[in-house]
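Asker: Below you'll find the structure I mean.
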Amino acid sequence: MRLIITEKNSSAKKIAEILSGGEAKADATYKVPFYTWSDGEGQQMSVGLKGHVMGVAFPEGYSNWQETDLHDLIDAELVPEPTDKNVVKAIRKLAKDADSIVIATDYDREGELIGLEALQQVLEVNPGVAADASDGEDAGAVLAARPPIKRARYSALTKDEIERAFSQLDELAYDLAYAGAARQDIDLIWGATLTRAVSLATRRFGSNFLSVGRVQSPTLALIVERELERRAHVPKPYWEVFAKFAHPDGAFEAHHETDKFWERAEADAALKGTTSPGVVKDVTSRRNTRRPPAPYNTTAFTTDASSRLGITPASAMRIAEDLYMDGFISYPRTDNTVYPRSLNTRELVQSLARIPDFAAAQPLLDGELNPTRGKKETTDHPPIHPTQALYPSALEGAKRRVYELVVRRFLATFAPPMITESTRADIQAGSESYFVRGSVVVDPGYAAIYTYARSADDEIPKLEQGQTLELEGDPWIVDKETQPPARISQGKLIELMEERGLGTKATRADIIQKLYDRGYVYSNPPEPSETGIAMYKAFHEYVPRMATPEMTAELEHDMDQIAAGETTKDEVVTISREMLHSTTAALEDQREVFAKQIWAGMDEDKFLGPCKVCEEAGRAREDGSPNRLRIIDLKGGKRMYGCEGWNRDDPESPDSCQVSGPLPGRGYELWRLEERCSVCGERPRLTVKGFRGRPWKLCLNDDCPTMVEMREKRAERQAAREAREVAKAAAEEGGDSAEPEGEKAPASAKGTPNGGRRRAPRKKPDPGTKRTRRARSSSKR
Ligand SMILES: [Zn+2]
Ligand SMILES: [Zn+2]
């Protein structure tokens, strides 16, 4: 029997369907599905893993954070550990009867490692498939020489591609797998050691630990460095001058030829020198040709999904993987930006252009199809492209938009350039000169199908040289000031990570998500919390190696060398351990000062904004700055807020501030939205986010119009729900109004209109349900 091992059940099923012509039978062992059929080559079986089913872990005896010496931890020999026991058991059971193996995991470094992990399980129970395979690195060479173990490499779960891959079976790339294994070891050792070191130093244990990661920390640095630049920015005032000219087609505004006046007096002089009428001195037009975009690699795709669709890189990758698993698009993890010759582009364009949504691609079929080419050409995966023509409406929500993006981008790479015409007219008015600029699309070209790229027309009236135009009203000045550099969007962040070799196309989006999960950043685009900034600063000062991307880039380079057979996994991991010993020792030497910095950041994150009551009462902190409201952690995960002007020793004193109130518990993430609510102006306003669902806004002033409205909406929804339940219960009881006393519902929440009315038993609404949270978020303005 030939056993085909894939990365996921969905691909095992798809491959079985394709190779058996729909004849494969499904069965399961240890709750893991597998598929069997027979063909000309005999009995066949396919089974899917769940990604990595084996991981590495520290051996027993290293789990106590306080008692384990970090240097022992660094040198501990890692042990393989099943991450999914059922899958491992199933593979071992099925492998016993196999006389040949095909590894058909995803075609990349991670997929190669996953395949090797599975193969090691197979060989333990069935060494017969590779007669004299021994442990260690040389096993690769031995195994590679054995015909019964093969590798299927495919880039799409389509009939053509799978049939091609299985007719051209290859060998497992052992060095590539070892490169993946080296990174896995290094990530575990570095992550665990430094996370423990920092958590020990700051005495943060349990769920509050502070994580550090080989890639995570330099990524945080990118966000923090930009924030520090923003904070250091000193706005500089400047002035712009405009004038309005009358025209038969309608009056229009023109900008002074000086872009920015840095001196107010100069702007005033420009106003004085402007006299009516203006004379058109010059009109120039220019055609601009914008080339169609290159085929999609992962970075360009996630950047586009973020900027054009507003879908975060992590979600975009999840959705793309689903679409790949469904056989709708090609493998979404790729650096390649050149379509391979083997791709039948004409057939694909033809089938896509038949879908009404993509009918704009029809004219492409009239001529030759010449796709654009990007800078990088690799041979593993093709650029991301659709593999099946679908009506987008067959997909739901974000999936539909992502599929459409991939299709439109694909079609755009065959389309002609977009041609626009821009016109500039210069108008002399007295001693001053003004200009007006417009732009129109002459031929949308690729933007007809790749609609996201189409720029809006910005037309100006018809102007001719020598034409005189009366001023309409007086010219005017607009006060402006220079802006700090913008925050880095998630899409841009992924690009920066790629430039610096941080993470891989497979991990970048997840790493950004981790920064959110640990509270180092919040909001979108990501903004660092004070804790995140303190982590960055402390690392920069005491463990500079971890705050910069260089070390990680070096390691990524080493991985490539392992994959190329130029060095070994052991060598790379050993060097990495040595670096970590010195890094850890440096951190331990400085633990006290280090911890103080982090604590200061955490404390800072608890302050929400100045207390208005104290301000009005003239109470202030010692340095004269206003007392602030802050988050206070209580026992059992509860939280409240209070004023730092509260006097613990003499709470009743007139100098003690009484302002306080409840806050959502620690199951919710809280962050400052506004130091003082922009609606009521009374108290700070927070953003609250539960485990699931959309964030909502909470003003600490109960009487704030936003809160009143939120409570009304919530009550309305609850009343509507109760009315539905009453109706449903009445229908079920067939109109019988008798209700046992004991089943009466508990007193309803304050403010519900039907608190006294008889109704069907129901649970008290959980404040965390999707519906109530949606009610809250929809009631804010
Ligand atoms: Zn106060
Ligand atoms: Zn408010």
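Asker: Within a Cβ distance under 10 Å of G115, other residues only, what is the Lys/Arg minus Asp/Glu net charge?
Answerer: Here the count lands on -4.
Asker: With +1 on each Lys and Arg Cβ and -1 on each Asp and Glu Cβ, how big is the dipole of the chain about its Cα centre, in debye rounded to the nearest 20?
Answerer: 3020
Asker: Given the pairs K376/K399; K85/K399; K260/K462; K492/K514; K689/K713; K31/K89, which are separated by over 22 angstrom at their Cα positions?
Answerer: K376/K399; K85/K399; K260/K462
Asker: Pairs of Cα atoms under 8 Å, at least six residues apart: use those to get the relative contact order of the chain, whole percent.
Answerer: Computed over the chain, the figure is 11 percent.
Asker: Next question, about the same structure. Sequence gap at least 6, Cα distance under 8 Å: using those rules, report the relative contact order of region 335-428 to the nearest whole percent.
Answerer: Taking the mean separation of contacting Cα pairs over the length of region 335-428, I get 35 percent.
Asker: Let me ask something additional. Suppose we look only past 18 Å in the calculated P(r) of region 310-400. What percent of the Cα-Cα pairs does that tail hold?
Answerer: In whole percent, the share of Cα-Cα pairs in region 310-400 beyond 18 Å is 53.
Asker: Enumerate by residue number the GluC sites (Glu not before Pro) in region 468-571 meeting two conditions: DSSP loop (anything except H, G, I, E, B), and at most 11 other Cβ atoms within 10 Å of the site's Cβ.
Answerer: Sparse-neighbourhood loop GluC sites (Glu not before Pro): E566.
Asker: Taking a probe of 1.4 Å, how large is the accessible area per residue of the chain, in Å²?
Answerer: Averaged over the residues of the chain, the accessible area is 49 Å².
Asker: Would you compute, from DSSP H runs of 4+ residues alone, the mean residue ellipticity of the chain at 222 nm, taking -39500 (n - 2.57) per run and dividing by the full residue count, rounded to the nearest 500?
Answerer: Value at 222 nm, helices only: -12000 deg cm²/dmol.
Asker: Once the principal axes of the Cα atoms of the chain are found, what is the range along each, listed largest first in whole angstroms?
Answerer: Sorted largest first, the three principal extents are 94, 81, 76 Å.
Asker: How large is ³J(HN,Hα), in whole Hz, for each residue of region 640-653 in order, when computed from phi with the Karplus curve 6.51 cos²θ - 1.76 cosθ + 1.60 and θ = phi - 60°, using x for Gly and Pro?
Answerer: Result, rounded to whole Hz: 9, 10, x, 9, 6, x, 6, 9, 4, 7, 9, x, 7, 4.
Asker: With a ≥ b ≥ c the root eigenvalues of the C-alpha gyration tensor of region 1-50, is it rounded (a/c under 1.5), prolate (a/b larger than b/c) or oblate?
Answerer: Prolate.
Asker: Using every Cα-Cα pair within region 357-444, state what percent have a distance larger than 21 Å.
Answerer: Considering region 357-444, 55 percent of its Cα-Cα pairs are separated by more than 21 Å.
Asker: Please report the carbon-and-sulfur percent of the accessible area for region 427-519; probe 1.4 Å, protein heavy atoms only, DNA, RNA and ligands left out.
Answerer: Exposed carbon and sulfur together represent 44 percent of the surface.
Asker: Okay, next question. If you filter region 1-93 for trypsin sites (Lys or Arg not before Pro), then keep DSSP loop positions with at most 12 other Cβ within 10 Å, what is left?
Answerer: Here the trypsin sites (Lys or Arg not before Pro) that fit, given the DSSP loop and packing criteria, are K31.
Asker: Select from region 179-278 those chymotrypsin sites (Phe, Trp or Tyr not before Pro) which occupy a DSSP coil region and have at most 15 other Cβ atoms within 10 Å, ordered by residue number.
Answerer: For chymotrypsin sites (Phe, Trp or Tyr not before Pro) across region 179-278 that sit outside H, G, I, E and B with at most 15 neighbouring Cβ atoms in 10 Å, the list reads F205, W262.
Asker: Note down, for region 423-548, the three equivalent ellipsoid semi-axes (square root of 5 times each alpha carbon gyration tensor eigenvalue), biggest first, whole angstrom.
Answerer: So the three semi-axes of region 423-548 are 48, 23, 12 Å.
The values are calculated or read from the model by the stated rules, or taken from the named source; none is laboratory data. These numbers come from a predicted model, not from an experiment. A quick note on method: Cβ atoms are made from the backbone with ideal geometry, for glycine too, and the neighbour counts reach across all protein chains shown. Ligands, DNA and RNA are excluded from the accessible area calculation, which covers all protein heavy atoms including side chains. Shrake-Rupley method; radii C 1.70, N 1.55, O 1.52, S 1.80 Å.
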